[in-house]
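The values are calculated or read from the model by the stated rules, or taken from the named source; none is laboratory data. If you're wondering where the values come from, they're calculated on a predicted model, not measured in any experiment. Cβ coordinates were reconstructed from backbone atoms using ideal geometry, including for glycine residues, and neighbour counts include every protein chain displayed. Areas reflect the complete protein model, heavy atoms only, side chains present, ligands, DNA and RNA absent. Shrake-Rupley method; radii C 1.70, N 1.55, O 1.52, S 1.80 Å.
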Amino acid sequence: MNPEDIMAYHARSFAPAARLLPRCDRLLIARLYVLCRTVDDIADEIGGAVGQRQLQKLHDDLTSQYPKGRLGIEAHDLFQGRPLGLAAFAKLVSSAAADTGAVCIADRATLDTYCMGVAGTVGIMVCAIFDIDEVHHARAANLGKAMQLTNICRDVAEDARIGRRYLPFTHCPYDPQDIAAGIPEAVQAAEDAMAFLLSEADELYLSGRSALNALPLRLRLAVASAAAMYEGIGSELRRREYQPLEGRAVVPKVRKAGLAVRAILGELIQKRKWENRSDHASA
């Protein structure tokens, strides 16, 4: 499959949003998605020492002037002339290499470092390939971190079953096995931690949205609609009172479409208001 087909198959929130982009921009996003998806697959599906070695080899390729592997060559090509983007991808790879086995996050600071490594970097990479001024990169990273916190809350049970607990120990002091086994105290702690992290995600979504006006219009609309669909996952978790063992929270297609349309209209209205203010200021 080509990059666009791979993104369409796997990226349930961003692939529909990416249809708003011109073809050439959609291809850039699809190429970036395939790079990140491949790294994620190595960490999750291969995992262990073998996955870690593969990711370390890729990281070495990324920091080399003359990459040899397919992924390293593709990354150098995608980020040609954009060193911040290449550095962000290298950071994602090193973060994924540390995430190939059992995981038990210690505290909120450790979780923030993890979210920055595996998701905040994606915001920076998107800014890099579209030549967005560096002043906006931190808020773009916040949007990526918000989405990662949403993912973590959605996948609590799935992660617990494979020995992973991304909920900080300071908020959920139980082993992943306790959560997966449905021990009431562990499940309650997990639910409380999910509520806390989704509230943190809300703040990060707000921060990320505040930088959207720096993006080209169609990219702005695509990112806004993808963020709204991701936020919808958090709303679904809240609606069912978290309950991590009740299966993965899914936003119904009709509601997902409604969230995307509302986000797009909201950005268009904001753009029009900004233009009106500019017109009045220059009159």
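Computed over segment 194-279, the P(r) curve from all C-alpha pair distances, binned at 5 Å from the origin, holds 3, 14, 21, 21, 18, 11, 7, 4, 2, 1, 0 percent per bin.
Restriction of the trypsin sites (Lys or Arg not before Pro) in segment 97-165 to DSSP coil positions whose beta-carbon has at most 15 other beta-carbons within 10 angstrom yields Arg161.
Size of the chain from its Cα atoms: along the principal axes, largest to smallest, the extents are 65, 48, 34 Å.
Is there a pair in Lys91/Lys273; Lys68/Lys256; Lys57/Lys145 whose C-alpha atoms are over 31 Å apart, and which pairs would that be? Check vs 31 Å cut-off fails for Lys91/Lys273; Lys68/Lys256.
Students sometimes get this wrong: rank Asp41, Asp155 by accessible area, probe 1.4 Å, all chains present, largest first.
Descending order: Asp41, Asp155.
Note on Glu191: accessible area is roughly 30 Å² with a 1.4 Å probe, heavy atoms of protein only. In this structure, the amide hydrogen of Arg164, modeled 1.01 Å from its nitrogen in the peptide plane, lies closer than 5 angstrom to those of Val103, counting only residues at least 5 positions away or on a different chain.
Within the chain, what whole-number % of the accessible surface is contributed by carbon and sulfur, with the 1.4 Å probe and all protein chains included in the calculation? Roughly 55 percent, rounded to a whole number. Between Glu275 and Glu236, the modelled label-to-label distance comes to 3.5 nm, taking each label 7 Å out from Cα in the direction of the beta carbon. Summed over the residues of segment 69-155 and divided among them, the accessible surface reaches 38 Å² per residue at a probe radius of 1.4 Å.
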